[in-house]
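The next block holds one structure in the form of C-alpha cells; read it before the comments.
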Amino acid sequence: MADTVFRTKEEVKEEPPKKENIVPDKQTVVESAKEPVPYTEYKAENGKPYTAKHFELGDNWEVFNEEVSIIEEYLNRKIDKGEIANDVKIIEKEIRKMEKLNNVKDEPRAVVKIATIASYIRFLNESDGIRINWRKYAST
C-alpha cells in the first residue's frame, strides 16, 4: 500500500477583474451616448462632408471637390424643400438608392461611383431646368 498517492490541495489564485467587466464611470457613458449630428452640420463637426466618408475618399477627398459639392448641394436642396429628412441615415439611403439606380452599387472603385452619381445629379438638375422653363413658357 505504499504506492498510493493522495492529491494535494491546489491553491486557486484569484485573477484581477478584466477591464470589460469594470463598469465605466458616468462621464464616459455620457460621452459615448452623444446624439448623431444632422447631415447639414456633418462637415462642420467632422471636418469633411458626409459624401467623402460614404465613398471612402479618405484625407484626399478634396481632389473630388467638384463631384462632392454637386452631390452635397443636391442633397441639401432636397432637405431644404422638405423632400428628405436632415438625417445621416436617410442621406445614406438616398445615396444607396442613386447607386442602385445607376448600376454602381457593386462597383469597387470609388472614383467611378462618385463620378457616375455626380453626372446623374447634373442630369437631374438640367431636366428640372427644362421642366421649369416648359411650365413658364407653355402658356404662351
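The values are calculated or read from the model by the stated rules, or taken from the named source; none is laboratory data. The shown structure was predicted, so the numbers you read here are calculated from the model rather than taken from an experiment. Cβ placement follows ideal geometry from the backbone for every residue including glycine, while neighbour counts extend to all protein chains displayed.
When Asp80, Asp87 are checked against the criterion of being surrounded by 13 or more Cβ atoms within 10 Å (Cβ to Cβ) and farther than 20 Å from Val104 by Cβ, Asp87 stands alone in meeting it. Pairs are defined by a Cβ separation below 8 Å, a sequence spacing of at least 6 or placement on different chains, a first member in region 93-111 that is closer than 19 Å to Ala52 by Cβ, and a second member that is at pLDDT below 95 and of a type in the set (S, T, N, Q); the pairs so defined are Ile95/Thr51. Within region 96-122, being surrounded by fewer than 15 Cβ atoms within 10 Å (Cβ to Cβ) and of a type in the set (Val, Ile, Thr) holds for Val111, Val112.
Yes/no per residue for (1) surrounded by 12 or more Cβ atoms within 10 Å (Cβ to Cβ); (2) touching a Cys at 6+ places or on another chain (Cβ under 6 Å); (3) hydroxyl-bearing (Ser, Thr, Tyr); (4) touching a residue at least 60 places away in the same chain (Cβ under 8 Å):
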{"position": "Pro38", "(1), (2), (3), (4)": "yes, no, no, no"}
{"position": "Ala44", "(1), (2), (3), (4)": "no, no, no, no"}
{"position": "Thr51", "(1), (2), (3), (4)": "yes, no, yes, yes"}
{"position": "Leu57", "(1), (2), (3), (4)": "yes, no, no, no"}
{"position": "Trp61", "(1), (2), (3), (4)": "yes, no, no, no"}
{"position": "Val68", "(1), (2), (3), (4)": "yes, no, no, no"}
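Condition first: surrounded by 11 or more Cβ atoms within 10 Å (Cβ to Cβ) and in contact with a helix residue (DSSP H, G or I) (Cβ under 7 Å, 6 or more places away or on another chain). Can you find one or more residues in region 29-36 that meet it?
In the first step, residues of region 29-36 are kept if they are surrounded by 11 or more Cβ atoms within 10 Å (Cβ to Cβ); the result is none.
No, region 29-36 has no match at all.
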